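Report on one structure; see the data block that follows.
The numbers here are math on the coordinates, done by the rules we state, and not lab data. Everything numeric in this text was worked out from a predicted model, so none of it was measured. FYI the Cβ positions are ideal-geometry reconstructions off the backbone, even for glycines, and counts take in every protein chain you see.
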Amino acid sequence: MLPPDLGLSHPFQTPPGPGQALEVAPGIRWARLPLPFRLDHVNIYLIEDGDGVAVVDTGIDTRPSRDAWQRLFAGPLAGRRITRLIVTHCHPDHVGLAKWLVERTGLTLEMSEAEYLSALVLLLDPGSLASDPYRSFFVDRGLDEETTDAVMTRGHDYLRSVSGLPDTFRRVIAGERLRIGGRDFEVLTGGGHAPEQIMLYLAEGRIFLSADQVLPRISPNIGVYARDPEGDPLGIFLRSLRSVKRRIPADVLVLPGHDLPFRGLHARIDAIIEHHAGRCDAIVAACRDTPRSAAELIPFVFHRELDAHQTGFAFGETLAHVNYLLRRGRLKQAMSRDDVLRVSV
Ligand SMILES: [Zn+2]
């Protein structure tokens, strides 16, 4: 959680209720679907497209989320055709109802290639994350058994919260323009939170659909995963933020994947970059006199009680900072005598 930012403004203070869609810009409506987490909602956007409506993101596959869609179909979407189905990234709160909506509409799912394939791998082989080569990834970095078990069954959680994927998709590519309702939306993609997350920029309306890449209140989870143990998602994420800042003007209205629409994109990007720099400094300080494992560093980064599920995410996020610092030579790593990988300055 980040402190509230100075320099952000929220032109819409009250989110749309269940079954409602609120116009936030000409031809663009904002709706919300429920999530069964502490972060209890995801935003979706409905873009006017000729005689129908293009949809951006689908929500998680739960009964309340499907019910929320039914209310949209009966209300703001009554009598309207869905023209396109664009999904920003592979996380279950965004792609969860993709197949369900494809079956309902006959549309082709539009996603970036890495996001589609990431979702596909998990759906085809949800148990793969629980296989043995991955256990050592966690245990070697000091994670306790309980949390390791919780993290390793995540593939099954994913399967439960996603309705499936259609067998074909239309690949959305960075730099192309999607023509929706006679207007060109430029596609940007960014990694770090997800491999190739789609963002959409409507220059003529000064509108930026930022997905989860830039959120107004929280920082998106940036995690290292067992398949790529030395990965540098934080480096990738920070590069993406800088490139968004170069490409997208400061005065856009940002339509994020969670929380409220806001203005102040550049200030927000600066705050997120600073937030991660602070975490890096805290980790380096914690390792100054004592070598520590990624698991041992979690309390220096997250200052609150975490359950096993949250600890799993905190571990991945802490390791993202550790790997970032290792790559840049600010930390070094060695195996301690108790067979745990620890980093030091
Ligand atoms: Zn996400």
At what distance in nm do the modelled label points of Arg80 and Arg337 sit from each other, each positioned 7 Å from its Cα along Cα→Cβ? 6.8 nm
Just need the relative contact order of the range 1-93 here, percent rounded to a whole number, with Cα pairs under 8 Å and 6+ apart. 25 percent
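Fully extended, how many nm does the chain gain between Asp132 and Glu23 (0.36 nm per residue separation, minus their Cα-Cα distance)?
Numbers: separation 109, 0.36 × 109 = 39.24 nm, distance 4.94 nm.
Separation in residues times 0.36 nm, less the Cα-Cα distance, equals 34.3 nm.
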From the phi of every residue in the range 25-40, what ³J(HN,Hα) in whole Hz does the Karplus formula 6.51 cos²θ - 1.76 cosθ + 1.60 yield, where θ is phi - 60° and glycine or proline is x? 7, x, x, 10, 10, 10, 10, 10, 10, x, 10, x, 10, 4, 7, 9
The chain, helix-only ellipticity at 222 nm - DSSP H runs n ≥ 4, -39,500 (n - 2.57), divided by all residues, nearest 500: -11000 deg cm²/dmol
Could you pull out the longest piece of the chain with no exposed loop chymotrypsin sites (Phe, Trp or Tyr not before Pro) in it, calling a site exposed if DSSP puts it outside H, G, I, E, B and it has at most 15 other Cβ atoms within 10 Å? 38-345
Long-range amide H partners of Glu196, meaning residues 5 or more apart or on another chain whose placed amide H is closer than 5 Å, are Glu115
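Just add up the charged neighbours of Pro36: K/R +1, D/E -1, any other residue whose Cβ is under 12 Å from the Cβ of Pro36.
Values: positive: Arg38, Arg63, Arg160; negative: Asp40, Asp61, Asp93, Asp157.
Result for the neighbourhood of Pro36: -1.
For the range 83-204, compute the orientation-averaged projected area of the C-alpha convex hull (one quarter of its surface), in nm².
Numbers: hull surface 34.9 nm².
Mean projected area of the Cα convex hull: 8.7 nm².
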With θ set to phi - 60°, apply the Karplus curve 6.51 cos²θ - 1.76 cosθ + 1.60 along the range 143-153 and write out the HN-Hα couplings as whole Hz, x wherever there is a Gly or Pro. 7, 6, 4, 4, 5, 4, 4, 5, 5, 6, 9
Of Val244, Ser118, Gly190, whose Cα points farthest to the positive end of the dipole of the chain (charges on the beta-carbon: +1 Lys, Arg; -1 Asp, Glu; origin at the Cα centre)? Val244
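Please list, by residue number, every one of the GluC sites (Glu not before Pro) in the range 31-125 that is coil in DSSP and has at most 16 other beta-carbon atoms within 10 Å. Provide the component values of the computation, followed by the final result.
Values: sites: Glu48, Glu103, Glu110, Glu113, Glu115; in loops: none.
Hits after loop and neighbour filter: nothing returned.
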Bridge type composition, the chain - antiparallel percent by DSSP, nearest 5: 70 percent
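If you take every DSSP beta bridge whose two residues both sit in the range 1-102, what share of them, in percent to the nearest 5, is antiparallel?
Working: 15 of 20 bridges.
Within the range 1-102, antiparallel bridges account for around 75 percent of the total.
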Using amide H atoms built in the peptide plane, which far-off residues or other-chain residues are under 5 Å from Thr83 H to H? Val53, Ala54, Val55
So how far, in whole Å, is the C-alpha centre of the range 95-127 from the one of the range 234-278? 27 Å
Spelling out what I want: for every residue of the range 234-239, take phi, set θ = phi - 60°, compute 6.51 cos²θ - 1.76 cosθ + 1.60 (Karplus), and round to whole Hz; glycine and proline get x. 5, x, 5, 5, 5, 4
Please list the radius of gyration and Dmax for the range 188-345, considering alpha-carbon atoms only, with Å as the unit. 16.8, 60
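Dipole size in debye (nearest 20) for the range 22-344 around its Cα centre, Lys and Arg Cβ +1, Asp and Glu Cβ -1?
On the way: 40 positive and 43 negative charges, 176 e Å.
My answer is approximately 840 debye.
Kindly provide the GluC sites (Glu not before Pro) of the range 136-217 that DSSP labels as loop, not H, G, I, E or B, and whose Cβ sees at most 14 other Cβ atoms within 10 Å.
Numbers: sites: Glu145, Glu146, Glu176, Glu186, Glu196, Glu204; in loops: Glu176, Glu196, Glu204.
Of the GluC sites (Glu not before Pro), the ones in loops of the range 136-217 whose Cβ has at most 14 other Cβ atoms within 10 Å are Glu176, Glu204.
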Subtract the Cα-Cα distance of Glu146 and Arg246 from 0.36 nm times their separation in residues, and report this length gain in nm to one decimal. 31.7 nm
Stretched out fully, how many nm does the piece from Arg227 to Thr168 gain, at 0.36 nm a residue minus the Cα gap? 18.7 nm
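Count neighbours as other Cβ atoms within 10 Å of each site's Cβ, and list the trypsin sites (Lys or Arg not before Pro) in the range 1-78 that are DSSP loop with at most 13 such neighbours. Mind showing how you got there, number by number?
Values: sites: Arg29, Arg32, Arg38, Arg66, Arg71; in loops: Arg38.
In loop regions of the range 1-78 (DSSP not H, G, I, E or B), the sparsely surrounded trypsin sites (Lys or Arg not before Pro) are Arg38.
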Computed curve, the range 22-344, Cα-only Debye sum without solvent term, log₁₀ I(q)/I(0) at 0.06 Å⁻¹, is -0.21
Got the relative contact order for the chain handy, in percent, Cα pairs under 8 Å and 6 or more residues apart? 17 percent
